[in-house]
Structure formats: structure tokens, C-alpha cells
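J.: Pasting a structure below so you can have a look.
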Amino acid sequence: MTKITTILIIIISFNLNAQIDGEFRHKICKYGPNCFAYKFNQNGTFEFDYSQDILGSGTLTGKYLKAKDTLKLTPDKEYFSAPSKIIETDYKDLKSTKISIILQRACKKGKEEIENIEWYVSINDGEYIKTDKTGILILPKTKINKVQIKDFFEIEVKADALYKLTETIFYPKSDNNNIEIYASESDIEINSAMSEWMTKLLLLKGRKLFPITFEPEEAFLGKEKTYYEKFD
């Protein structure tokens with residue numbers, strides 16, 4: 001094989017799999033109120049801007065892989081778990097021990113959301129005791145070595161937990177009688193509805209991108225008219 005032939009093969013191969021650069025807007029935008037647009041960058045990343053009557057408006061980011069004329073999109077993770085923590089201080093009633101369970105919801109970066117709900121708590125491997133509706137349990141002064149928590153579904157319904165937590169067992173390190181446990185919701189199975197809904201497999205034909213998988217816009221426009229068109 002000559003050097004020139006090798007170079008040509010490399011160039012052809014690169015062109016078949018070269019990344020794309022540009023913005024594509026969905027035909028549905030002409031009819032409103034729904035509108036969707038992709039911006040593809042040559043570094044293999046994309047932005048997906050959406051405005052949808054049920055799921056709201058926003059922007060998703062992610063990575064895409066181009067193989068010949070097919071694009072496969074993988075959205076970035078959106079929700080993240082906050083680190084679990086224990087805060088131990090002195091409670092005003094020296095004859096009591098106060099345990100507070102605070103749920104830290106998985107959130108987008110830069111945001112924080114906590115929730116105060118009831119839990120079942122096991123102290124030092126004892127039987128599970130129900131907290132009040134805000135997650136607070138007050139009991140006679142007790143040396144706390146271990147706290148394990150479960151939610152209503154696990155104890156009363158004998159079903160899977162309503163909230164998936166990053167950890168359910170906590171070990172206080174001091175003799176303080178006011179123990180605040182910040183339990184973190186797991187982000188493993190959490191995704192936005194739009195991230196699940198968006199089209200992730202597209203066919204590139206000139207200045208148009210055609211969804212390979214079904215998308216709801218087909219019900220309104222028909223399959224032949226359901227596509228994204230490049231705009232400058």
C-alpha cells in the first residue's frame with residue numbers, strides 16, 4: 001500500500017466519523033409552544049435547549065458520538081447527592097437525648113434541598129422506633145454508638161424504601177445528646193424527565209437531523225416532517 005493511499009484512507013475514515021459543528025432547530029418550533037434545539041460542538045459535546053408545555057424549559061448538556069451519519073447522544077448527569085454528615089451538640093435538656101433526621105435531596109449543582117419527614121430509627125441495634133413527622137426523636141439520656149434509619153415503606157408496608165439513601169447507618173463520635181443526622185438521597189436512579197424523553201439517536205442528512213427513535217412530535221407532524229434543521 002502506497003503512502004498516498006494510506007493518507008487517503010485516513011482522510012476518508014476521518015470524514016466518515018468527523019464531529020459536527022452547528023445548531024439544529026426542530027420543525028415543531030414553527031407551531032409552538034414546544035420548541036427544541038441542539039447545538040453540537042466539534043469537541044464532541046452538545047447543548048439541548050427545550051421549551052415544553054408539560055416539562056418546562058431548560059438546557060441539558062452532554063456528549064455525542066458520530067459514526068458515519070448517525071449521532072448517539074449521552075446527556076450529562078444532572079442531580080448529585082450531598083455528602084451525609086452528623087452534627088453533635090449539647091441539648092438543653094441534659095436528661096434527654098434528641099435525634100433529628102434531615103433528608104438531603106439530590107439536587108442540581110449549586111442548589112440545596114432538605115426535607116423533614118418521619119423515619120424509623122434503631123438505636124444501638126435495638127428495635128425500630130418511629131420519630132415524629134419532622135424526623136425528631138427524643139428519648140431518655142442514652143449513649144448513642146450507632147443509629148440506623150428506615151422509612152415508612154420499609155417498616156409498615158414491608159416494601160422497598162421510598163427514598164434511596166447513600167447510607168443508612170451512622171456512628172456518632174461524641175457524648176453530646178443532640179444528634180443531627182443529614183441523610184443523603186442517592187442520585188444513582190435520579191434523572192430529569194426531559195433527559196429521559198429527549199431524542200438520543202439521530203440520523204444526519206445534509207442540513208437535517210432525523211430522529212431514529214420515536215418522539216412525540218411525530219403524532220403532530222408525522223414521521224416525514226419530524227426533524228431538526230440546521231440554522232445559522
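J.: At 7 Å along the Cα-to-beta-carbon direction for both Thr89 and Thr134, put a label point, then send me their distance in nm to one decimal.
T.: 1.4 nm
J.: Let me ask you something else. When we measure straight from the Cα of Lys27, which aspartates and glutamates land under 19 angstrom away, once same-chain ones fewer than 8 places off are left out?
T.: Those aspartates and glutamates meeting the cut-off are Glu47, Asp49, Asp53, Glu215, Glu217, Glu218, Glu224, Glu229, Asp232.
J.: Right, another one. If you average 1/r over every pair of different alpha-carbon atoms in the stretch 80-140 and take one over that average, what Kirkwood value in Å do you get?
T.: About 13.2 Å for the stretch 80-140.
J.: So, one more: Using the Karplus equation 6.51 cos²θ - 1.76 cosθ + 1.60 (θ = phi - 60°), what ³J(HN,Hα) coupling, rounded to whole Hz, does each residue of the stretch 72-89 give in order, writing x for Gly and Pro?
T.: Values, residue by residue: 10, 9, 10, x, 6, 5, 10, 10, 9, 7, 7, x, 5, 7, 10, 10, 10, 9 Hz.
J.: Given Lys109/Lys173; Lys98/Lys133; Lys77/Lys205, which pairs have Cα atoms separated by over 18 Å?
T.: Those over the limit are Lys109/Lys173; Lys77/Lys205.
J.: Now, a different point. Filter the chymotrypsin sites (Phe, Trp or Tyr not before Pro) in the stretch 62-104 down to the DSSP loop ones having no more than 15 other Cβ atoms within 10 Å, then list what survives.
T.: Passing both the DSSP loop test and the Cβ count: no residue.
J.: Here is a follow-up. Which sequence of Ile87, Ile114 reflects their accessible areas, 1.4 Å probe, from the largest down?
T.: The ranking, largest first, comes out as Ile114, Ile87.
J.: Right, here's the next one. Enter the Cα centre distance for the pair the stretch 35-60 and the stretch 126-195, rounded to the nearest angstrom.
T.: For the stretch 35-60 versus the stretch 126-195, the Cα centre distance is 37 Å.
J.: Sticking with this structure for a sec: Express the relative contact order of the chain as a whole percentage, based on alpha carbon pairs under 8 Å and six or more residues apart in sequence.
T.: 21 percent
J.: Let me ask something else about it. Let me know the charge dipole size of the stretch 105-232 about its Cα centre in debye, to the nearest 20, where only the beta-carbon of Lys, Arg (+1) and Asp, Glu (-1) is charged.
T.: For the stretch 105-232, the charge dipole is close to 440 debye.
J.: Can you sort Trp197, Trp119 by solvent-accessible area, 1.4 Å probe, largest first?
T.: Trp197, Trp119
J.: For the stretch 146-162, in order, what is each residue's ³J(HN,Hα) by Karplus, 6.51 cos²θ - 1.76 cosθ + 1.60 with θ = phi - 60°, in whole Hz (x at glycine and Pro)?
T.: In residue order, the calculated couplings are 8, 10, 10, 10, 9, 9, 3, 5, 5, 8, 8, 9, 6, 10, 4, 4, 5 Hz.
J.: By how many degrees, between 0 and 90 and to the nearest 10, does the Cα long axis of helix 3-17 differ from the longest principal axis of the chain?
T.: 60 degrees
J.: At 222 nm, what value in deg cm²/dmol follows for the chain if DSSP H runs of at least 4 each add -39500 (n - 2.57) and the sum is divided by all its residues, to the nearest 500?
T.: The helix contribution divided over the chain gives -3000 deg cm²/dmol.
J.: Considering only protein heavy atoms and a 1.4 Å probe, what is the carbon-and-sulfur percentage of the accessible area of the chain?
T.: Percent of accessible area from carbon and sulfur atoms in the chain: 54.
J.: Over the residues of the stretch 127-232, compute the C-alpha Rg and express it relative to 2.2 N^0.38 Å.
T.: Rg over 2.2 N^0.38 Å, computed on Cα atoms: 1.93.
J.: Val157 to Leu65: extension gain in nm, 0.36 nm per residue of separation minus the Cα-Cα distance?
T.: My answer for the length gained is 28.7 nm.
J.: Work from the charge dipole of the stretch 65-107 (Cβ charges, +1 for Lys and Arg, -1 for Asp and Glu, about the Cα centre) and give the residue of Ala106, Leu94, Leu65 farthest towards its positive end.
T.: Leu65
J.: At each listed q (0.19, 0.23 Å⁻¹), what is the log10 of I(q)/I(0) that the Debye formula gives for the stretch 48-109 modelled as equal alpha-carbon point scatterers?
T.: One equal scatterer on each Cα of the stretch 48-109 leads to -0.92, -1.07.
J.: At R0 = 45 Å, how high is the FRET efficiency between Ser174 and Phe214 if r is their beta carbon distance? Nearest 0.05 is fine.
T.: The pair Ser174/Phe214 has a calculated efficiency of 0.20.
J.: For the ranges 145-153, 103-111, what's the packing order if you count other beta-carbon atoms within 10 Å of each residue, average per peptide, and put the highest first?
T.: 145-153, 103-111
J.: Work out from phi, with θ = phi - 60° and the Karplus expression 6.51 cos²θ - 1.76 cosθ + 1.60, the ³J(HN,Hα) of each residue of the stretch 173-189, listed in order in whole Hz, and give x for Gly and Pro.
T.: Computed from phi, the couplings for the stretch 173-189 are 10, 10, 9, 4, 9, 10, 10, 9, 10, 9, 8, 9, 5, 6, 9, 4, 9 Hz.
J.: Go through 39-49, 176-186 and give me the packing order, highest mean Cβ count within 10 Å leading.
T.: Averaged packing, sorted descending, gives the order 176-186, 39-49.
The values are calculated or read from the model by the stated rules, or taken from the named source; none is laboratory data. No experiment lies behind these values; they were computed from the predicted model shown. Here Cβ is always computed from backbone atoms with ideal geometry, including for glycine, and neighbour counts include all displayed protein chains. Accessible surface areas use protein heavy atoms only, side chains included; no ligands, DNA or RNA. Shrake-Rupley method; radii C 1.70, N 1.55, O 1.52, S 1.80 Å.
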